[in-house]
Amino acid sequence: MQNKINNVVIVGGGTAGWMTANLLARVLGKSINVTLLESEDIPTVGVGEATIPPIMQFNQAIGVNELDFMQASKATIKLGIQFENWLKPNHHYMHAFGSIGKNFPFCDFNHFWLKQQNKNDQVDNLTYWDFSLNYQAAKHNKFQKLKHLPNTNLPGIAYAYHFDAGLYAKFLTEHGKQQGVKHVIGTVKQVNQNHETGFIEGLLLDNDTQLSGDLFIDCTGMHALLIEKTLSTGYDDWSHWLPCDRAMAVPSENAETVVPYTRSIAHHVGWQWQIPLQHRTGNGLVYSSKHMSDEEAKQTLLGNLPGKPLNDPRIIKFRTGRRRKIWNKNVISIGLSSGFLEPLESTNIHLVQSVATRLLKFFPHNGISQTLVDEFNRLCKTEVEGIRDFIILHYKLNARTDSPFWRLCQQMDVPDTLKTKIELFKQTGKVHCEPNDLFTEIAWQQVMLGQGVTPADIHPLVDGLSDEQIKDMMESLRTLVDKTVENMPTHQDFLSSLT
Ligand code: FAD
């Protein structure tokens, strides 16, 4: 046990630093002092624009008004991610947020749809996504919160945001200062550790002032100043499963229509994101430098923009994996300092939120105990490995034959946890997720069905229903989704109503 924790020092003023500072100050601000140090000389990573629905709970938890936030960060609505060319060229599907069809306690809706598929008189050859409110709204370029719509029995629409990460961090800076976060500008030039324990006691800044603290949060991004450069915590490298190691990013003008979903477009090597904001589109190509030169990446990216580029593209190098311990001694790494997963499912900002929330639950106010640290690290590990598997899934289940890159991904050996999930779905149409898993059964089903898996079996509950019963249920669900989408304004009209 160390002494009581009164002073928390967050090093780094990117999205991770400011999100963590806001949450700690908002919830524990009466019991602890929260200081955030950021350097004017070391830039933030400057990308990271697509999120997933739990961000809404985070913004609510720190007391942010949705309208203020959307205006400040030039946000648009995100209803899912459209995966283009992932199974094979000219094929697409969506990982739509929210539910699909209807939830039953013993049997997922995909079994009803599969049974319908196996029959000869299918209703208009319906796809699984015809029963997704999010997908239908996305494809018709519509959005509205259901409480503002008349007569719908659907439970709700799940959404997240695309936003300008730099503007979000600025917004959180002001908000955090109002919550009592002490903001210090400076660059760490020396880290002082206790000679016996190795715990960090203070930071010497470039202006020769000292910043001392009891608990340090490393939000220094890929610099990993405290967790790695100081404490040598170690890193599990996952690049044998996720071979991309570079991103090339460039903002561009928007396309004519600002769509309410992220586009993830697979190319000859790697994939490209298109993230539409109110004022511009964020674009980037994620690729493997072993399989594609930077020049080829540049041509691929610039050849596939929705509008004119607004800057020169810039390269960001990364190594996919995770820090062996997220919490080591009195340092907790949050954000890019804790590891990196490519932004295929927009999970990095979510991991900031999730680890910062876990820190609140495990806050060591009476001192740091190893039991607490070990349990915290175990939960972080399980969480990120689940997300890792979900991302690998997209690569593994490709049927592309156009490059060694995609063939390598098809043939690679994947983690046993993922192997089991794919095999179980192939055999039975079932997916099992643990209650704390980020991605639900419906998310996994969409990617597996979208990337060509057809389960061999159907749940006996569905087999016991007559064709007529299934057809009636499917038709009424589809009508409900279609009518709800019909009543929605366009995404653009929704955005215009914010101002
Ligand atoms: P940074 O933004 O790099 O901030 C680091 C901070 O540490 C800076 O303020 C810097 O000044 C400070 N610092 C560093 N060294 C010192 C020092 N010695 N002294 C003082 N201060 C120091 N996430 C998503 O959720 N969705 C996405 O779509 C997405 N896309 C991404 C695309 C790419 C190519 C990359 C690389 C990441 C993406 N991410 C995405 C991840 C997301 O950008 C990050 O998780 C998020 O921005 C948090 O970054 P950070 O705050 O950890 O690091």
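The values are calculated or read from the model by the stated rules, or taken from the named source; none is laboratory data. Just so we're clear, the structure is a prediction, and the values are computed from it rather than from any experiment. FYI the Cβ positions are ideal-geometry reconstructions off the backbone, even for glycines, and counts take in every protein chain you see. Areas reflect the complete protein model, heavy atoms only, side chains present, ligands, DNA and RNA absent. Shrake-Rupley method; radii C 1.70, N 1.55, O 1.52, S 1.80 Å.
Meeting the requirement of 2 or more residues that are within 30 Å of VAL34 (Cα to Cα), the helices (runs of 4 or more DSSP H) wholly within segment 348-462 are 348-361, 370-396.
Taking segment 21-134 and the strands (runs of 3 or more DSSP E) fully enclosed by it, the elements with 2 or more residues that are crowded, with 22+ Cβ neighbours inside 10 Å and in contact with a Pro (Cβ under 7 Å, 6 or more places away or on another chain) are at 76-78.
A residue that is more than 9 Å from the ligand (Cβ to nearest atom), over 23 Å from the mean Cα position of the chain (by Cα) and in contact (Cβ under 8 Å) with a residue 24 or more places away in the chain can be found somewhere in segment 277-290. Taken over segment 473-492, the residue count meeting the criterion of being in a helix (DSSP H, G or I) and surrounded by 13 or more Cβ atoms within 10 Å (Cβ to Cβ) is 13. Whether a residue is outside the structural domain of THR357 (by TED's automatic domain parsing) and either away from the ligand (no atom under 16 Å from the Cβ) or surrounded by 14 or more Cβ atoms within 10 Å (Cβ to Cβ) (or both) was assessed, and TYR168 does not pass this test. Considering segment 193-248, the qualifying strands (runs of 3 or more DSSP E), each wholly inside and each with 3 or more residues that are open to solvent by less than 30 Å² (accessible area, probe 1.4 Å), run over 200-205, 215-218.
Number of residues in segment 171-192 that are open to solvent by 50 Å² or more (accessible area, probe 1.4 Å) and either free of Cβ contacts under 8 Å to residues at least 40 places away in the same chain or within 27 Å of the chain's Cα centre (by Cα) (or both) equals 5.
Among the residues of segment 226-268, those identified as farther than 30 Å from ARG324 by Cβ and more than 16 Å from the ligand (Cβ to nearest atom) are GLU253, ASN254, ALA255, GLU256, THR257, VAL258, ALA266, HIS268. Would it be correct to say that VAL384 is touching a strand residue (DSSP E or B) at 6+ places or on another chain (Cβ under 6 Å), touching a residue at least 24 places away in the same chain (Cβ under 8 Å) and within 14 Å of the ligand (Cβ to nearest atom)? So VAL384 fits the description; yes.
Per the conditions (1) touching a Phe, Trp or Tyr at 6+ places or on another chain (Cβ under 7 Å); (2) surrounded by fewer than 20 Cβ atoms within 10 Å (Cβ to Cβ), the sole criterion not satisfied by HIS394 is (2).
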